[in-house]
Amino acid sequence: MFLPDNIDLGKSEKYILTIRITPNGLAFSIHEPRMGGNYCYRETSFSNESDRLSSIQRIIFDYNFLTQVFKQTNVVFVSREYDIAPHYLFEKNKKEALYNFTHQEQVEQVLISPDPIQENITIFNADKEIYKFLMRSLYNPTFFHHSNLLMKYIDGKNRIAEKRSKMYLNFHNEFLDVLCYDSASNLLHAITFQHENGHNLIYFILNIWDKSNFDQNQDYLYILENFAGSDQFVVPLLRDYIKRIETVGVPSEVEFMGADSRRAPLDLLILATI
């Protein structure tokens, strides 16, 4: 895989590697902290003939530079399989039991995103064999769920936003993240939809808006800008129901990170700038 000339993997220990895993593919970024322009983003799809574990193994083995010693190695799982647990109720040794209590599919491997947001813990499903393979193959990886990164970014935006209730939408490929906050910027809801058509998404968004008792004239709907793509059908129709719809830009540092950053998903850009 072609990498830009300004990435010198002979000195991999000065770079941060982030691997992003979705149901259909794997992407990664390599960047040198505090060095504008030195940002590399690449993505590849999984083979239709292979299961996800086999596809991930093939990619890691084919691009074996991903197993080198980096300054930091991150793995971001993108899925709708997560929960938010209040810190004061959370017991680490019971995380699988907590997750399985609220999900129909019982899982064996539950991970915790490293940063609590508003005293809330993000717990998420990670395929046990994929997790074990990544732990063996990568250099001291830290695991994140994409929703945790979005919440961290939004938490910063809320500190300077008007004191009204807010809903945030993040469109990325087949996913839509919906996050709701009250007028004091406390998290109310966090949910991710996958493979839903536009009409269903409009119904879900407006239903959540209504159940949250948001005001269609006074409260805000924010669209998180994502260079990797957004939904062009849903947002115009939402304007018929919600007056205050605005766009939240990507982190300002992205302007200095080079052309590759314009293709990267928002969660990777957030992780590269915090």
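Where a number appears in this text, it was derived from the coordinates with a stated rule and is not lab data. Note that this is a predicted model, so its numbers are computed, not measured. Cβ sites come from the backbone with ideal geometry, for glycine too, and all protein chains shown count toward neighbours.
Annotations for the structure displayed:
- Most fluctuating residue given options E174, E129, E105, as computed from a GNM of the chain linking Cα atoms under 10 Å: E105
- Rounded to whole Hz, the Karplus (6.51, -1.76, 1.60) HN-Hα couplings of the stretch 177-188, x for glycine and proline: 9, 10, 10, 10, 9, 7, 5, 8, 6, 7, 5, 9
- Among the listed pairs K94/K211; K152/K211; K132/K152; K211/K243; K94/K128, those whose Cα-Cα separation exceeds 20 Å are K94/K211; K152/K211; K132/K152.
- Applying the Karplus relation 6.51 cos²θ - 1.76 cosθ + 1.60 with θ = phi - 60° to the stretch 18-32 yields 3J(HN,Hα) values of 10, 9, 10, 10, 10, x, 10, x, 10, 10, 8, 10, 10, 8, 9 Hz, where x marks Gly and Pro.
- Charge context of R34, other residues only, Cβ under 12 angstrom, K/R +1, D/E -1: 0
- Amide H contacts under 5 Å for I121, placed H, 5+ residues apart: A85, H87
- Alpha-carbon Debye profile of the stretch 161-251, log10 I(q)/I(0) at 0.11, 0.20 Å⁻¹: -0.27, -0.95
- Our note on the geometry: Cα centres of the stretch 245-269 and the stretch 1-64, 18 Å apart.
- Compactness relative to 2.2 N^0.38 Å, alpha carbon Rg of the chain: 1.02
- One chain, two ends: Q232 and T142. Fully extended at 0.36 nm per residue, the span grows by 29.0 nm beyond their Cα-Cα distance.
- Rg/Rg_globular for the stretch 51-103, with Rg_globular taken as 2.2 N^0.38 Å and Rg from C-alpha atoms: 1.64
- Long-range HN-HN contacts of Q109 with modeled amide H, under 5 Å: A126, K128
- For the chain, built as a Gaussian network whose Cα springs stay under 10 Å, the top-fluctuating residue of G156, G25, G249: G156
- Amide H contacts under 5 Å for G25, placed H, 5+ residues apart: F46
- Taking each residue as 0.36 nm, the span from D5 to F133 lengthens on full extension beyond its C-alpha to C-alpha distance by 43.1 nm.
- Backbone phi angles across the stretch 112-127, fed through the Karplus curve with coefficients 6.51, -1.76 and 1.60 (θ = phi - 60°), yield HN-Hα couplings of 10, 5, x, 10, x, 10, 6, 6, 10, 9, 9, 10, 8, 7, 9, 3 Hz in residue order; Gly and Pro are listed as x.
- Part-to-part distance (alpha-carbon centres) for the stretch 93-139 and the stretch 160-187, which is given in Å: 24
- Evaluated at q = 0.18 Å⁻¹, a Debye calculation over the C-alpha positions of the stretch 83-173 (equal weights, vacuum) places log10 I(q)/I(0) at -0.94.
- A97 paired with L206, simple spin-label distance in nm, labels 7 Å along Cα-to-beta-carbon: 4.3
- Contour minus Cα-Cα distance for K14 and Q194 (0.36 nm per residue): 61.2 nm
- Fraction of antiparallel bridges per DSSP, the stretch 161-251 only, in percent to nearest 5: 60
- Peptide packing for 184-190, 17-23, 148-154 was compared via the average number of neighbouring C-beta atoms within 10 Å per residue; ordered from the highest value, the list is 148-154, 17-23, 184-190.
- Remark: C-alpha extents of the stretch 1-112 on the principal axes read 49, 39, 20 Å, sorted largest to smallest.
- Label-to-label distance, E174 versus E108, with points set 7 angstrom from Cα along the beta-carbon direction: 2.5 nm.
- GNM on the chain, alpha-carbon springs under 10 angstrom: the most fluctuating residue among N125, N173, N74 is N173.
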